[in-house]
Structures are given as C-alpha cells and as structure tokens.
Amino acid sequence: MRIAIASDHAALALKSALADYLRGLGHNVADLGPHDETSVDYPDYGYSLAAAIADGSAERGIALCGSGIGISIAVNRNPGARAALVSEPLSARLAREHNDANVIAMGARLIGIEMAKACIDAFLLTDFGGDRHQRRVDKLSNPITTKEPA
C-alpha cells in the first residue's frame, strides 16, 4: 500500500519510528517531513499530506503532531481527505469501517509507540463498511448546506 506520513517537529521521533514500522510491513512509505527538529508549522505538513491523498499519490495517510488535533484539522481542510484523530485501535477501526477515513491522526505527546502501531494496524486492516455509511460519507464531500436534517 502507498502510505504518506507527515508530522510537525513535536512528532518527528514518532514519525520516523512509524515510517520504519510501515516499511517493515512491506508498505511503500512517502515521508513528507519534516526531517529534522527545526520548529515547523503543522498546517504546512497537514496540507501536504492531504494533497497526496487527494491526488492519489498515497492511498492512506498518517498525520502526527503533539496532540494530533492541529494536524487533523489541517488535513480535513482538503475535501479529498478524511482524517480521524485516534488514540486506540477501536477508534481507528471505526474510522475506516464507518467513515471511510483515509488518514489517521495521532498525538505524539499522548500516545506511545506500541499503541500507535496498534492503531495503524487496525486502520490498515479494516475495510470501509459501505451500505448505510456510504450516504453519510458522500455528504462529507459536499458543500455544507443550511438544510435541516430529515
């Protein structure tokens, strides 16, 4: 699988370890940076990751920052990306199964390496459930309307 991974400076060590882990599993990993501990702005890396997902360069993405919150917001600015902030395998599995998430975000200051690996495994091994969930996922890519829920 083609997987893009990006972080900010706070998650550099976790990003490097997870990129190695993914390569060890046989995945083609695009490390979108950063590549040193110089302070950077997470939106820049989130936007880059989202662009790789949206243009098909990567099938899935892993987004990391200190909390996972900021970079997940940045990724979700691109309508071609659906990022879910996860902290354990169940949320990673449900993000795929129910929401067809193509990116997971995690916080390097909040999650350990083994839990991050378990989240990635659940994310990569789970298929989208389709059916009733497809209608909802389709709405995520459409402009926001003022229509009241039915």
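The values are calculated or read from the model by the stated rules, or taken from the named source; none is laboratory data. What you see is a predicted model, and the numbers here were worked out from it, not measured in a lab. Cβ sites come from the backbone with ideal geometry, for glycine too, and all protein chains shown count toward neighbours.
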Residue selected from the stretch 105-121 under the condition aliphatic (A, V, I, L, M), assigned to a helix (DSSP H, G or I) and within 13 Å of the chain's Cα centre (by Cα), by the criterion farthest from A81 (Cα to Cα): A116
- prompt: Hey, among the residues in the stretch 73-106 that are surrounded by fewer than 17 Cβ atoms within 10 Å (Cβ to Cβ) and of a type in the set (D, E), which one's modelled with the highest pLDDT?
  reply: E88
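Matching residues to (1) under 14 Å from the mean Cα position of the chain (by Cα); (2) polar (S, T, N, Q); (3) within 14 Å of A116 (Cα to Cα):
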{"site": "A11", "(1), (2), (3)": "yes, no, yes"}
{"site": "A19", "(1), (2), (3)": "yes, no, yes"}
{"site": "P34", "(1), (2), (3)": "no, no, no"}
{"site": "D41", "(1), (2), (3)": "no, no, no"}
{"site": "A51", "(1), (2), (3)": "yes, no, no"}
message: Looking only at the stretch 62-72, how many residues end up being part of a helix (DSSP H, G or I), crowded, with 24+ Cβ neighbours inside 10 Å and either modelled with pLDDT under 95 or among the aliphatic types (A, V, I, L, M) (or both)?
response: 1
Pair list, Cβ < 9 Å and 6+ apart or interchain, from the stretch 75-104 residues that are closer than 19 Å to D121 by Cβ and in a helix (DSSP H, G or I) to residues that are aromatic (F, W, Y) and modelled with pLDDT of 95 or more: P89/F123; A92/F123; R93/F123; A95/F123; R96/F123
- request: Just one of (1) surrounded by 16 or more Cβ atoms within 10 Å (Cβ to Cβ); (2) within 17 Å of Y42 (Cα to Cα) trips up I111, so point out which.
  value: (2)
Subset of the stretch 37-51 that is surrounded by 24 or more Cβ atoms within 10 Å (Cβ to Cβ) and in contact (Cβ under 8 Å) with a residue 40 or more places away in the chain - its residue that is farthest from R2 (Cα to Cα): G46
message: Given the criterion more than 18 Å from R109 (Cα to Cα) and touching a helix residue (DSSP H, G or I) at 6+ places or on another chain (Cβ under 6 Å), identify the matching residue among D31, D55.
response: D31
message: I'd like to check something: does the stretch 132-144 contain any residue that is under 22 Å from L18 (Cα atoms), out of contact with any Phe, Trp or Tyr (no Cβ under 6 Å at 6 or more places or on another chain) and either assigned to a loop (DSSP other than H, G, I, E, B) or modelled with pLDDT of 95 or more (or both)?
response: no
